[in-house]
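Presented below is the structure to which this report refers.
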Amino acid sequence: MQKILIALVLTLIYNVSFACDLCTIYIGLRPNDFKNNVGLRHRYRIFEKEYQFQSISEIGNGSVLSGKGIPVDKHGGGDATSVTNGKYIYQETFNSYDVSANIYLTRKLQLNVSTYFADNYILRDDSVMSNIGGIGDVNLLFKYQLYNSQATGDTLLKNRFLHRVTVGAGGTLPTGNYNKETVVDFETDIQPNVILGTPIMELDPHLQAGTGSFNYLFLLEYLMKFNRFGLHFNTSYKLNTTNKNKFRFANRFNMNETLFALFPLSKKVKLMPQTGLSYELSGRDEYKNLPFYDSGGEVLFSNVGVNLFINQLSLEFTYYHPIYQKLYGDQPLNSQRMISQINYYF
């Protein structure tokens, strides 16, 4: 009981001081059965696309310049004098610094608690156009082991097939920031001897740290292992609700398959390389019960990673590369993802 209280206190401390990944909950591979753990995790995601734009340097009676991420300038006076064509890279970068705790309430029932600090950017080439950071939502997930053939915490039992089936349910609490606006443009008014500029603000729900809504998560997980080799599979479904801004993120489906091997380097050190596939599917988001067209789609990632277990610590790194994607509307494409993490087991 004392260990459980210590882990929960650590989680709350990190929550005050400072989340799929479509659903912000990272369901990682944990070979250390029957052990609690607390961890710190960094998730890094990049979306990018090349756009063609046409820039008019001087326009009479106001104008709008076209292109995603291009400032919309309105000028007074003058005539159109020149047109410049060019290309630029539009990029969305999402950083999430997570803190999590996984606690065994009983031998079969686990509670996973996590939250995060988000730091998100929109860039045009190397220039930052928007930046929003803040506290994210709190995630709660209960996991129950329906079946576990592993009778001890020894993950290197020889000549035995080990099986584990787990179901889970939980959700997210709307504790994160979801109402931060950014400057997307300036409306200018040129008068004699003075230029007046008024910022044009926009609230982009996809750039926010939190969702502003209560959401629900359901999980099915299977682990099979023989000697040092194993297969880990999980699938999850996230059901989202509408926030106070009348915006609702689409429901999300995730499926992950991982092959791994566990090698003892010494009595206290184990190495676990892994590789697999991850699939994500989402419908279109909604605003005021109408489809948000530039959202949703599907993507398939290949991934490769390594876990290093040293005594009660584990160090993890996984790299994700998209091998197929079909997104709805005009969206930047998935480029790459990386997850790094450190855990302490007790």
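Return the residues of segment 267-277 that are out of contact with any Phe, Trp or Tyr (no Cβ under 6 Å at 6 or more places or on another chain), farther than 23 Å from residue 327 by Cβ, assigned to a strand (DSSP E or B) and not hydrophobic (A, V, I, L, M, F, W, C); say none if nothing qualifies.
Scanning segment 267-277 gives 273, 275.
Please go through segment 226-250 and pick out each residue that is buried (at least 18 other Cβ atoms within 10 Å of the Cβ) and either among the polar types (S, T, N, Q) or in contact with a His (Cβ under 8 Å, 6 or more places away or on another chain) (or both).
The answer is 234, 236, 240, 243.
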Practice task
Pick out the one residue from 310, 323 that is farther than 27 Å from residue 39 by Cβ and aliphatic (A, V, I, L, M).
Solution key: 323
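Taking segment 277-314, which residues are among the small types (Gly, Ala, Ser), under 18 Å from the mean Cα position of the chain (by Cα) and under 30 Å from residue 262 (Cβ atoms)? Can you show your working first?
Our first condition is that a residue be among the small types (Gly, Ala, Ser); within segment 277-314, this holds for 278, 282-283, 295-297, 302, 305, 314.
Then drop every residue that is not under 18 Å from the mean Cα position of the chain (by Cα), which leaves 278, 282-283, 295-297, 302, 305.
Residues satisfying the conditions are 278, 302, 305.
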Practice task
Check whether at least one residue in segment 311-322 is in a loop (DSSP other than H, G, I, E, B) and farther than 19 Å from residue 206 by Cβ, and report yes or no.
Solution key: yes
Practice task
May I ask you to say which residue of 130, 149 is farther than 14 Å from residue 176 by Cβ, touching a helix residue (DSSP H, G or I) at 6+ places or on another chain (Cβ under 7 Å) and at pLDDT below 90?
Solution key: 130
Exercise for the section: Look at residue 69 and say whether it is surrounded by fewer than 19 Cβ atoms within 10 Å (Cβ to Cβ) and at pLDDT below 95. Expected result: no
Problem - Check on residue 156, surrounded by 14 or more Cβ atoms within 10 Å (Cβ to Cβ), of a type in the set (A, V, I, L, M) and at pLDDT below 85 - result: no
Fill in the blank from the handout: Selection over segment 109-126 where residues are assigned to a strand (DSSP E or B) and more than 14 Å from the chain's Cα centre (by Cα) yields a count of 8
Completion exercise
Filtering segment 104-124 down to residues that are crowded, with 20+ Cβ neighbours inside 10 Å and hydrophobic (A, V, I, L, M, F, W, C) yields 113, 117, 118, 122
Exercise for the section: Looking for whichever is outside any strand (DSSP E or B), touching a strand residue (DSSP E or B) at 6+ places or on another chain (Cβ under 7 Å) and either modelled with pLDDT under 95 or more than 23 Å from residue 139 (Cβ to Cβ) (or both) here; the options are 295, 302. Which one fits? Expected result: 295
Fill in the blank from the handout: Wholly inside segment 176-266, strands (runs of 3 or more DSSP E) that include 1 or more residues that are modelled with pLDDT of 90 or more and in contact with a Phe, Trp or Tyr (Cβ under 9 Å, 6 or more places away or on another chain) are 215-226, 229-239, 252-261
Exercise for the section: Please tell me if residue 50 is of a type in the set (D, E, K, R), within 24 Å of residue 281 (Cα to Cα), at pLDDT 75 or above and surrounded by fewer than 18 Cβ atoms within 10 Å (Cβ to Cβ). Expected result: yes
Fill in the blank from the handout: Scanning segment 320-337 residue by residue, those surrounded by 12 or more Cβ atoms within 10 Å (Cβ to Cβ) and not hydroxyl-bearing (Ser, Thr, Tyr) turn out to be 321, 322, 325, 327, 329, 331, 332, 333, 334, 336, 337
Handout entry: Meets criteria (buried (at least 18 other Cβ atoms within 10 Å of the Cβ) and at pLDDT 85 or above) for residue 135
Key = yes
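The values are calculated or read from the model by the stated rules, or taken from the named source; none is laboratory data. Keep in mind the model is a prediction, meaning the values are calculated, not measured. Neighbour counts run over all protein chains shown; Cβ positions are idealised from the backbone, glycine included.
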